[in-house]
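Student: This structure is in structure tokens; I'll ask about it shortly.
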Amino acid sequence: MRTTTGAHYGLSDWIVQRITAVAMAIYTLVMVVALLCGVATSYERWHAFFSSGPVQFATFLFAMCLCYHAWIGIRDIWMDYVKPVWVRLTLHSLTVLALLGYAGWCLEILWRL
Amino acid sequence: MPAFRPGDRMAAPRSKQLINKPRPKFLDLTAIRLPLAGFVSILHRISGSVLFLALPALIAMFALSLESPEGFERARQLMRQPMIAIPLFGLAWAYLHHFCAGIRFLLLDLHIGLDKQGAHQSAIAVMAVSLGLTTLLAAKLLGVF
């Protein structure tokens, strides 16, 4: 019998977790450089920075990577500590729904700029 | 016929005996001393879950800062309030720890620093860099320099 919840696709998730991590790490370093260059010193600069095409694109990718990465990480935590299938399924569902909502929220913030 | 009990050598063929042999277990968490690398690992999990829980607050702050000039000012003021600044420093540490420990795990994946001494040293480096940078960031936001 197949279990209702779990990772049936081990290696691909393992590699996705690392790819999203590297993408987010690069974005983080770029953001640190931008902050050191003073993008957060005024609203005009802050707004102009995130409105520029490449930054918007990269920020969107960062948000998507974050949600996917968080999904794999949080799912692994539930799988390690929560054994009853129904409790686990509920927690998995709530995690997916929350992360989908956050992804939509981030898209909406970037869309309005 | 008596019921089969684990460890009963007469009741099962040899292969079964091995499977049913009670394994030595030592899970007294108060007596196990976790090596620093293990500490870094569990903190990676804790920092990740803390960041996940804080996501709505962080996204809300980001939205506020980009909403309008007033929103930007408001976000800046909020970050100076102790009730918000202190949790933010905690989150900054969580991000930095997750970042540094993550890089350490990526290097271990590439078979870099797998030996006992190297793994211990990289664990020390993760703790030192993440705590050091958090202190630096906190000092900067508190206006020390």
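The values are calculated or read from the model by the stated rules, or taken from the named source; none is laboratory data. Please read all numbers here as calculations on a predicted model, not as lab measurements. All Cβ positions, even for glycine, are placed from backbone atoms using ideal geometry, and neighbour counts span all protein chains on display. SASA here: full protein model, heavy atoms, side chains in, ligands and nucleic acids out. Shrake-Rupley method; radii C 1.70, N 1.55, O 1.52, S 1.80 Å.
Student: Around B:Ile59, with a cut-off of 14 angstrom between Cβ atoms, what is the net charge of the other residues, counting Lys and Arg +1 and Asp and Glu -1?
Tutor: -1
Student: May I pose another question? Sorted by accessible area (1.4 Å probe), largest first, how do B:Leu142, A:Leu91, A:Leu99 line up?
Tutor: Putting B:Leu142, A:Leu91, A:Leu99 in descending order of accessible area: B:Leu142, A:Leu91, A:Leu99.
Student: Choose one answer from A:Ala103, A:Ala40, A:Ala23: the residue with the largest mean-square fluctuation in a GNM of chain A with alpha-carbon springs under 10 Å.
Tutor: For chain A, modelled as a Gaussian network with Cα springs under 10 Å, the answer is A:Ala40.
Student: So, with a 1.4 angstrom probe, what is the percent of accessible area on the protein assembly as shown that is carbon and sulfur?
Tutor: 72 percent
Student: Compute the signed sum of charges (Lys and Arg +1, Asp and Glu -1) over the other residues within less than 13 Å, Cβ to Cβ, of B:Ser49.
Tutor: Local charge sum for B:Ser49: 0.
Student: In whole Hz, with x marking every Gly and Pro, tabulate ³J(HN,Hα) for region A:26-39 from phi via Karplus 6.51 cos²θ - 1.76 cosθ + 1.60, θ = phi - 60°.
Tutor: For region A:26-39, the Karplus-derived couplings read 5, 4, 4, 5, 4, 5, 4, 4, 4, 5, 5, 7, x, 5 Hz, x marking Gly and Pro.
Student: Something else now. Mind checking how much accessible area A and B bury in total, 1.4 Å probe, in Å² rounded to 100?
Tutor: Chains A and B together bury roughly 2300 Å² of accessible area.
Student: Taking the Cβ of A:Leu94 as the center, what net charge do the other residues with Cβ under 15 Å away carry, scoring Lys and Arg +1 and Asp and Glu -1?
Tutor: Neighbourhood net charge equals +2.
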